[in-house]
Amino acid sequence: MRFTTSAGRQTLVERLPAAPGSVFRGTEERTRVLAGALTWLAGHASLFDPPQEDEVFTAAPEHIVPGRSRKAFGELGLALRLAHRVPALREREDIQSLTKAWLAMARRRNIFFDARRRVHLVPLMAVALAVMNDIDTAPDPARRALQAVLDRRFLDRTERSAWSQVDIRYYFDALGLRHGFPAPDTLLRRSTLLTLPALPYAQRIDLYAITHLVFHLSDFGARPLPGLARPDLAEIRDYLALALAMCVAERDWDLVGELLAARACVGGGADPVSHFAADALLEAQQPAGFIPDQSWLRGLDTTEERETAEFFAVYHPTLVAVIAVACDMAKAGPGPGAGA
Amino acid sequence: MAAAAQMAAAPVTAAAARALDWLSGAWEAREDEDPRLAVEALALSALCRLLCGSAGGAADQVDRAIGRAIAEPAWAASSLPGSLVAAVGALRQRNGFAASAGRYLEALGALSADELDGAGRSGESNGVLLRLALYGVAPSPPRAPAGLHRLRGSAGEVRRFASEVEACSAFGTAAVADEPAATLLEGAAIAAFRVYDLPLGMRLLRAAAYACGRRRAAGLEFVRRSQCDDGSFGDYDTALARLRARGDRNAPLRVKLPVTLQALWTLAELESPRFRLVRSALMDRGEPPSHLRNDALRADPGAP
């Protein structure tokens, strides 16, 4: 594979086709997005470090809320969990190194501390525990603590959107815990997947709801969306394509990554629209490897220390790019010449 | 004209009738005489006449009201599509503006091939539009647009790609069949609607339809639902209030005329792929008048 350099940016001059069914134009494009993102993540792993949970005394346990740091830590874990589903990714040194770093942070920070009272942290604890369950070992005390919270019959009985219930249920299911959330097909019918919001008016949060519903109801592409009639699936696929085209036009790279991943999950997304969007994502990727979000593109808030502000502005689209690659490879296969 | 007649039962027919009502009232309520606005008003009445069919009497009344106020419309000061629709409409109706419109078209007809191509400086489709309007032929056979990468560029690049699609498809009168471009254009159109850039969004939506016969509901519904109670298109209450506060006169006409014209154009073409504005409003008028016959320009320059 050769690249030429134009105005400081590498341009692909030769392409290998991706595996059939890939949302990326070719294996090289997919690999470049992944390698750049992993390089940046490896260089910033320490910034994902969550709080030292057994030293957080500033609020009553019931009042401790997740905050951006715990959220980022959980999302890195989720990306690694999905990468571990793909042998070619699991074997990569950078994935293994990030995995070790993540597990070490989880243990060092005692992330399941006081789970029975820190109820606002329970959903993120479930994510982290599901990650450990898949890539290492889920500690039994943490599992029992989460089950105790669920057995108190409030977490799964409070008023939540279908999106929120689907998200939380997914991780409790992954851990094999008892709960009272409605069945996935029921939640799907209650969700916006069957009453898709009009794109000219939809807010970004509405689109995140759509992608997250797809991710969690399909187990990130490992199973079909439950109880969906064929015309409904066709409508969802068409909607995702148009939403992707819209987000490319808006240079919303976080949602472009989410929608590429969602298209990989529901199938039917290996088309020129996805390839165009993936090419645009690659063009947007910065030399350091991160994918910028809209706030970075507009110029960061300078009231915060530069490195921290940039980290929280770009880590999510960068993780999402890794998730998109992992979902794509799990669905479409590694493609010729792909791998570590 | 046949395609326009087939649209008699289409929702755009009712939308056009309401728009004509708005135009009639808004023209009467104007505060200044503006020859440029007269061109756009004539273009809108011509389009409504096309879309409404039997309701043409109302359009005639609007034309007469404009004629009582404006002696010579500023044909060249308006957008090219609007000017051409208005001028050709005046010739067809043989109304009080026919002589003036004839002179305008005659001046355009005197342009050389190089000058016509130069008309594409702000977008290559202008040259194609002129050739279609003046001679009824596109300058080259339809081809697939090649500049798809422009949709990853600036707003100017996106406009250039839309222009390329307009030119390649001769404003939708020739099929170019490019489904990915159609979806990407429609996505860009919706992105424009989300920041309420209606003219850009509607142009991109039409280009999407030119690139592929298939259409989705999202963009079309947005345009449909942009029609106000008074029949005009676009919710500009805040912008109009600001303009009024600045003492800007004729703001409702100046802001809403071009948007309403574009909206009806877009609705008509999206509701019926057989309707194309250039064909119905510009090309279907028999042989061009003798002063517009220029065999050198009518010939396809791309032909051997």
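A few comments on the model shown:
- Globularity ratio of segment B:143-242, using Cα Rg and 2.2 N^0.38 Å: 1.12
- Using alpha carbons only: equivalent-ellipsoid semi-axes of chain B, gyration tensor based, whole Å: 27, 25, 18
- Distance in nm between pseudo-label sites at B:Glu72 and A:Lys100 (7 Å out along the Cβ direction from Cα): 8.5 nm
- Longest to shortest principal axis, alpha-carbon extents of chain A, angstrom: 58, 47, 39
- The C-alpha radius of gyration of segment A:183-340, expressed as a fraction of 2.2 N^0.38 Å, stands at 1.07.
- Exposed-site-free run, longest, chain A (rule: GluC sites (Glu not before Pro); DSSP loop; at most 13 other C-beta within 10 Å): A:160-303
- Enclosed volume per residue, in Å³, of the convex hull spanned by Cα atoms of segment B:240-285: 66 Å³
- Taking max minus min of the alpha-carbon positions on each principal axis, the protein assembly as shown gives extents of 91, 53, 50 Å, largest first.
- Chain A: DSSP helices with Cα axial extent of at least 27 Å and average Kyte-Doolittle hydropathy no lower than 0.0: A:230-249, A:306-332
- Taking all pairs of distinct alpha-carbon atoms in segment A:178-240, Kirkwood radius in angstrom: 12.3 Å
- Within the listed set B:Ala245, B:Ala58, B:Ala77, the residue fluctuating most in the Gaussian network model of chain B (springs between alpha-carbon atoms under 10 angstrom) is B:Ala245.
- Less than 5 angstrom separates the built amide H of A:Gly26 from those of A:Ala18, all sequence-distant by 5 or more or on a different chain.
- Two-site label geometry, A:Asp136 and A:Glu307: point separation in nm, points 7 Å out along Cα→Cβ: 2.4 nm
- The lysines whose alpha-carbon is closer than 30 Å to the alpha-carbon of A:Lys331, local same-chain residues fewer than 8 away aside, are A:Lys71, A:Lys100.
- Approximate spin-label separation A:Ala35-A:Leu194, in nm, with each point projected 7 Å along Cα-to-Cβ: 4.6 nm
- Span-like helix ranges in chain B, DSSP H, alpha carbon extent 24 angstrom or more, Kyte mean at least -1.0: B:11-28, B:35-52, B:251-271
- Local electrostatic count, A:Glu62, Cβ distance below 13 Å [Lys/Arg +1, Asp/Glu -1]: +3
Taken together, the values in this text are just the output of simple stated rules run on the coordinates, not laboratory data. Since the structure is predicted, the reported quantities are computational estimates derived from the model, not experimental observations. Glycine also receives a Cβ, built like all others from the backbone with ideal geometry; neighbour counts cover every protein chain displayed.
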